[in-house]
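Novice: The structure follows.
The values are calculated or read from the model by the stated rules, or taken from the named source; none is laboratory data. If you're wondering where the values come from, they're calculated on a predicted model, not measured in any experiment. Positions of Cβ are generated from backbone atoms using ideal geometry, with glycine treated the same way; all protein chains shown enter the neighbour counts. Surface areas here come from the heavy atoms of the whole protein model, side chains and all, with no ligands, DNA or RNA. Shrake-Rupley method; radii C 1.70, N 1.55, O 1.52, S 1.80 Å.
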Amino acid sequence: MDKKASSRSGHRVRNTVITLTLGAALFTAGAIGLAPNGNTSGAPARPSAPARGSLDALQFRVKQMPKDAGAWAALGMAYVQQARSTADPATYQRAEQALRRSLAVQHDDNTNAQIGMGALAAARHDFPTALDWARQAIRSDPYSSVAYGVLADAYTQLGHYPASYRAVQRMNDLRPDAPALARASYTFELRGDTKQAATLMHRSLDAASTTGERSFAHTILSTLALQTGDTRLALREAATGLRSAPHDSALLEARARAQAASGNTRQAIADYEAAIDIAPLPHYLLGLGELQQSLGHKQQAEAQYAVLRGQETIRRAGSTPADTDAILFEADHGSPARAVAMAQEALKTRPFIAVHDAYAWALHQAGRNREALGQADQALALGTRSALYRYHRGVIQHALGNNTAARSDLETALRTEPHFHPQHAATARALLKRIDTTS
């Protein structure tokens with residue numbers, strides 16, 4: 001899986017957004033790398049934003065050599081990564097301009113630009129378009145492992161899971177490097193096999209050749225540890241990564257989640273704030289806001305929510321589909337009816353399990369529990385090990401009067417990850433007591 005914005009989420013968003021944490025990483029990192037001769041190399045791009053010097057060098061190159069299709073493609077990919085890492089959607093436009101310039105210079109067999117366009121479409125959550133570009137890239141170069149990575153990402157988010165597994169296998173057959181092994185890990189995580197997912201992510205870590213690749217691996221290993229309730233291991237993985245990359249926002253956020261799960265809320269808040277200072281990504285903001293709210297810090301929580309509302313205004317103006325964190329935020333802290341509409345729109349181009357879960361919760365909050373149950377079932381259809389998904393379905397089952405099913409889901413959520421959310425975990429325990437006293 002390409003590792004992009006070592007990007008992905010510790011509270012409700014953490015669990016809901018494991019696919020996005022990975023997803024962001026999958027969608028761009030590793031999509032393009034230029035060898036000195038301008039051809040695509042096997043080395044994946046770094047998950048964090050490129051160094052300023054890298055952008056300067058690429059910008060200088062295209063000015064000096066405006067007919068260099070490979071340089072334009074690399075510049076476009078660098079912009080995609082920068083936008084993912086800085087939460088600046090305006091940068092996507094610069095990315096598209098550079099990639100289209102590359103295609104204008106070399107329209108046929110321009111695998112670099114085609115991969116870049118696929119990664120850009122995925123970053124914008126336009127997965128049908130990402131799939132089209134990935135297929136074009138594979139036609140241009142059937143032996144490009146990176147192209148198969150973009151193909152796998154698109155298939156995954158479109159809900160074509162068997163096809164995505166085949167694409168990941170092909171990627172590993174061609175080049176079993178860190179991005180390919182990370183994607184293989186994700187296929188097992190989706191199916192609830194966290195042990196095999198961790199084994200493959202350790203192999204990805206061993207194969208890593210850059211700080212970015214290693215940081216991404218430690219981020220995911222920390223997240224996988226939390227999914228099994230092992231907070232000590234989660235802290236250790238995040239701390240190991242931060243020793244080499246102290247300003248990696250995803251690692252800081254991973255450590256914040258682990259600190260919160262361990263009860264170290266002061267350090268968790270500090271880590272969240274440090275991550276947000278680097279990249280004000282929505283799931284960071286929501287994670288911090290909900291932690292602050294759970295501690296009774298209403299003013300501090302509202303400060304994070306205000307930024308999220310501003311980001312949502314920008315998203316609506318750009319007519320891009322909502323992310324799951326935006327849907328869940330709207331369901332819990334805004335208008336459930338609007339959250340339902342946002343989820344319905346997102347499903348058109350992203351019928352992925354995380355979106356089904358967010359849609360289920362929005363429907364529940366809007367009082368439409370029978371519809372919600374069907375969506376919750378789809379979210380768990382692969383066997384994904386998510387305490388949040390289980391909690392959501394448990395609450396929906398309880399609302400429908402299905403107490404036995406509700407108890408099963410709530411107990412599984414708390415057994416899987418006892419501190420899966422600063423507020424919902426306590427709600428799950430209280431609801432279980434209520435079920436027991438009324439049964």
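Novice: Hey, can you tell me all the residues within region 257-271 that are buried (at least 24 other Cβ atoms within 10 Å of the Cβ) and either among the polar types (S, T, N, Q) or within 17 Å of the chain's Cα centre (by Cα) (or both)?
Specialist: Arg257, Gln259
Novice: Residue by residue through region 318-339, note down the ones that are assigned to a helix (DSSP H, G or I) and within 21 Å of the chain's Cα centre (by Cα).
Specialist: The answer is Gly318, Thr324, Asp325, Ala326, Ile327, Leu328, Phe329, Glu330, Ala331, Asp332, Ala339.
Novice: Of the residues Ala167, Ala134, Ala113, Ala152, only one is closer than 20 Å to Asp323 by Cα and open to solvent by less than 30 Å² (accessible area, probe 1.4 Å); which?
Specialist: Working: Ala167 fails: closer than 20 Å to Asp323 by Cα; Ala134 fails: closer than 20 Å to Asp323 by Cα; Ala113 fails: closer than 20 Å to Asp323 by Cα.
Testing whether each residue is closer than 20 Å to Asp323 by Cα and open to solvent by less than 30 Å² (accessible area, probe 1.4 Å) leaves just Ala152.
Novice: Here is a check on your reading of the model: is Arg84 part of a helix (DSSP H, G or I) and either modelled with pLDDT of 90 or more or hydroxyl-bearing (Ser, Thr, Tyr) (or both)? Can you show your working first?
Specialist: On the way: part of a helix (DSSP H, G or I): yes; either modelled with pLDDT of 90 or more or hydroxyl-bearing (Ser, Thr, Tyr) (or both): no.
Answer is no for this residue.
Novice: Also, I was wondering about something else. Might you let me know whether region 426-439 holds any residue that is open to solvent by less than 50 Å² (accessible area, probe 1.4 Å) and either charged (D, E, K, R) or not in a helix (DSSP H, G or I) (or both)?
Specialist: Looking through region 426-439, none of the residues is open to solvent by less than 50 Å² (accessible area, probe 1.4 Å) and either charged (D, E, K, R) or not in a helix (DSSP H, G or I) (or both).
Novice: Between a residue in region 201-221 that is of a type in the set (Asp, Glu) and any residue that is crowded, with 24+ Cβ neighbours inside 10 Å, which pairs come within a Cβ distance under 6 Å, given they are 6 or more apart or on different chains?
Specialist: Every condition considered, the pairs that remain are Glu213/Ala178.
Novice: Let me ask something else. Among the residues of region 190-244, what is the count of those that are modelled with pLDDT of 95 or more, more than 17 Å from Arg255 (Cα to Cα) and open to solvent by less than 10 Å² (accessible area, probe 1.4 Å)?
Specialist: The total comes to 4.
Novice: Could you tell me which numbered condition Thr384 fails, if it satisfies all but one of (1) in a helix (DSSP H, G or I); (2) touching a Leu at 6+ places or on another chain (Cβ under 8 Å)?
Specialist: The single condition Thr384 does not satisfy is (1).
Novice: Restricting attention to region 156-164, does a residue exist that is under 21 Å from the mean Cα position of the chain (by Cα) and either of a type in the set (Asp, Glu) or open to solvent by 40 Å² or more (accessible area, probe 1.4 Å) (or both)?
Specialist: Looking for residues that are under 21 Å from the mean Cα position of the chain (by Cα) and either of a type in the set (Asp, Glu) or open to solvent by 40 Å² or more (accessible area, probe 1.4 Å) (or both), one finds at least one in region 156-164, hence yes.
Novice: Quick check, is Ala376 open to solvent by less than 30 Å² (accessible area, probe 1.4 Å) and more than 20 Å from Glu189 (Cβ to Cβ)? Please lay out each step first, then the result.
Specialist: Details: open to solvent by less than 30 Å² (accessible area, probe 1.4 Å): yes; more than 20 Å from Glu189 (Cβ to Cβ): no.
Considered against the rule, which asks whether it is open to solvent by less than 30 Å² (accessible area, probe 1.4 Å) and more than 20 Å from Glu189 (Cβ to Cβ), Ala376 comes out as no.
Novice: Among His419, His392, which is closer than 21 Å to Leu190 by Cβ and not hydrophobic (A, V, I, L, M, F, W, C)?
Specialist: Numbers: His419 fails: closer than 21 Å to Leu190 by Cβ.
One residue alone meets the criteria, His392.
Novice: Could you tell me whether any residue of region 225-232 is assigned to a helix (DSSP H, G or I), more than 25 Å from Ala256 (Cα to Cα) and more than 17 Å from the chain's Cα centre (by Cα)?
Specialist: No, region 225-232 contains no residue that is assigned to a helix (DSSP H, G or I), more than 25 Å from Ala256 (Cα to Cα) and more than 17 Å from the chain's Cα centre (by Cα).
Novice: Look at region 387-416 and say how many of its residues are at pLDDT 95 or above, over 13 Å from Trp361 (Cα atoms) and open to solvent by less than 40 Å² (accessible area, probe 1.4 Å).
Specialist: Matching residues across region 387-416 total 8.
Novice: Is there a residue being part of a helix (DSSP H, G or I), under 15 Å from the mean Cα position of the chain (by Cα) and farther than 26 Å from Pro142 by Cα anywhere in region 194-207? Before you say what the answer is, go through the steps one by one.
Specialist: Going residue by residue through region 194-207, those that are part of a helix (DSSP H, G or I) are 194-207.
Narrowing further to those that are under 15 Å from the mean Cα position of the chain (by Cα): none.
There is no residue in region 194-207 that is part of a helix (DSSP H, G or I), under 15 Å from the mean Cα position of the chain (by Cα) and farther than 26 Å from Pro142 by Cα.
Novice: While we're on this one: What's the number of the only condition in (1) in a helix (DSSP H, G or I); (2) within 24 Å of Phe216 (Cα to Cα) that Gln97 fails to meet?
Specialist: Among (1) in a helix (DSSP H, G or I); (2) within 24 Å of Phe216 (Cα to Cα), the lone unmet condition for Gln97 is (2).
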